Amino acid sequence: MSDRERTSFPVLRSDDVCSLIQAAEDVYQIRFKNRAANAYLVRGSRRTILIDVGLSSNLAHLEASLAFVGCGLDDIDMLVLSHEHLDHIGAAFHFHGRTIIAAHRLAANKIMLRDDFSMLRKMFNEPNVPIDIDLWLEEGNLIDLGNFRLTVMYTPGHTSACISLFDPDKGLLFASDTLMPGGVMGGIFGSGCISDYIQSLERLKGLNAKILLSGHGRLSDAPQDDVRIALQRSHALLSDTAQLFDALDARANFEPIMQSVRDLNKLDDG
Ligand SMILES: [Zn+2]
Ligand SMILES: [Zn+2]
């Protein structure tokens, strides 16, 4: 934890499992000390939402943290999932029937089809239970909480299905695994793509964000610095990847695909 964070963002409650940190008025970060991603509580004047929920095993601790600021699980009007990875959404099934669960349509599709490979189920050793998405989100949707208005931004790269939420009036940027404090890269997973990642970072750079609320790690009050570093690193990764691709003779990997296309062509000729 940096000195800057200690002064900027008060830690309201902390035990050996998680901490509750105030990011802004009525905005709280729940930071778990295991592999679970951060969860965020945003209490608007008309609606209250959670952004991500962490692993299924952390639910009791999430509940205790919310209770500390007088919020019960049944006070949550909507749970927004940033993408399909189970460290962010493992506990979501506990909210079935209690609240609306929302995710980008590409994440919703993977989650509803129980695409364990995309969700990294083995990696996080989560129970094999369905998570139902009630609301399929798109770029440009607006989540109106009264005094908070969060715009849904489609920011692919880490996976094909990542969203960020931005409140332009308050300068709050919930960027999940797309932008992290210190410009740490979230990694490129199966459905992701480095050049999509770069474009998403360029979009976040253009926002006048004041506080960065990421999927992992501390809060940041210097999102412009974070995004500048992340862009440098992602460009470096792109050129490393290009060199690697050049060094490997990847033709053998594409041969079965090319062969099946050639077979199709032959059929057409016949
Ligand atoms: Zn992720
Ligand atoms: Zn993550």
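With the condition kept exactly as written, say whether any residue in region 125-142 is of a type in the set (S, T, N, Q), crowded, with 22+ Cβ neighbours inside 10 Å and either out of contact with any strand residue (DSSP E or B) (no Cβ under 7 Å at 6 or more places or on another chain) or over 21 Å from Leu204 (Cα atoms) (or both).
no
Looking at (1) β-branched (Val, Ile, Thr); (2) out of contact with any strand residue (DSSP E or B) (no Cβ under 6 Å at 6 or more places or on another chain); (3) touching a residue at least 60 places away in the same chain (Cβ under 8 Å), find the lone condition where Ile211 falls short.
(2)
For Gln224, work out the one condition from (1) surrounded by fewer than 19 Cβ atoms within 10 Å (Cβ to Cβ); (2) at pLDDT below 95 it doesn't fulfil.
(2)
Is there any pair with a first residue in region 174-194 that is under 15 Å from Ala107 (Cα atoms) and a second that is within 12 Å of ligand 2 (Cβ to nearest atom) and at pLDDT below 95 whose Cβ atoms are under 6 Å apart and which are 6 or more apart or on different chains, and what are they?
Listed by first residue and then by second, the contacts come to Asp177/Gly186.
Could you check region 160-171 and list, in sequence order, the residues that are buried (at least 24 other Cβ atoms within 10 Å of the Cβ) and over 19 Å from Phe9 (Cβ atoms)?
Within region 160-171, Ala161, Cys162, Ile163, Ser164 meet the criteria.
Would you please name the residue that is farthest from ligand 1 (Cβ to nearest atom), looking only at residues in region 84-101 that are of a type outside the set (Val, Ile, Thr) and in contact with an Asp or Glu (Cβ under 7 Å, 6 or more places away or on another chain)?
Per the criteria, the residue is Arg98.
Restricting to helices (runs of 4 or more DSSP H) lying wholly in region 173-270: which have 1 or more residues that are in contact with a helix residue (DSSP H, G or I) (Cβ under 6 Å, 6 or more places away or on another chain)?
194-205, 223-247
Name, by its number, the condition in (1) among the hydroxyl-bearing types (Ser, Thr, Tyr); (2) in contact with a strand residue (DSSP E or B) (Cβ under 8 Å, 6 or more places away or on another chain); (3) buried (at least 24 other Cβ atoms within 10 Å of the Cβ) that does not hold for Tyr154.
(3)
Can you pull out every residue in region 31-58 that is over 19 Å from Glu84 (Cβ atoms) and among the aliphatic types (A, V, I, L, M)?
The answer is Leu41, Val42.
Among (1) over 23 Å from His83 (Cα atoms); (2) surrounded by fewer than 13 Cβ atoms within 10 Å (Cβ to Cβ), which single condition is Gly206 missing?
It fails just one condition, (1).
Take the conditions in contact with a strand residue (DSSP E or B) (Cβ under 6 Å, 6 or more places away or on another chain) and β-branched (Val, Ile, Thr) and apply them to Val17. Does it pass?
Against the criterion (in contact with a strand residue (DSSP E or B) (Cβ under 6 Å, 6 or more places away or on another chain) and β-branched (Val, Ile, Thr)), Val17 does not qualify.
Looking only at residues in region 172-201 that are among the hydroxyl-bearing types (Ser, Thr, Tyr) and crowded, with 17+ Cβ neighbours inside 10 Å, which one is nearest to ligand 2 (Cβ to nearest atom)? Steps first, answer last, please.
Initial filter on region 172-201 (among the hydroxyl-bearing types (Ser, Thr, Tyr)): 176, 178, 191, 195, 197, 200.
If we keep only those that are crowded, with 17+ Cβ neighbours inside 10 Å too, we end up with 176, 178, 191, 197, 200.
On the way: Ser176: 7, Thr178: 10, Ser191: 14, Tyr197: 14, Ser200: 15 Å.
Restricting to residues being among the hydroxyl-bearing types (Ser, Thr, Tyr) and crowded, with 17+ Cβ neighbours inside 10 Å, the top hit is Ser176.
The values are calculated or read from the model by the stated rules, or taken from the named source; none is laboratory data. None of the values given here were measured: they were computed from a predicted structure. Neighbour counts run over all protein chains shown; Cβ positions are idealised from the backbone, glycine included.
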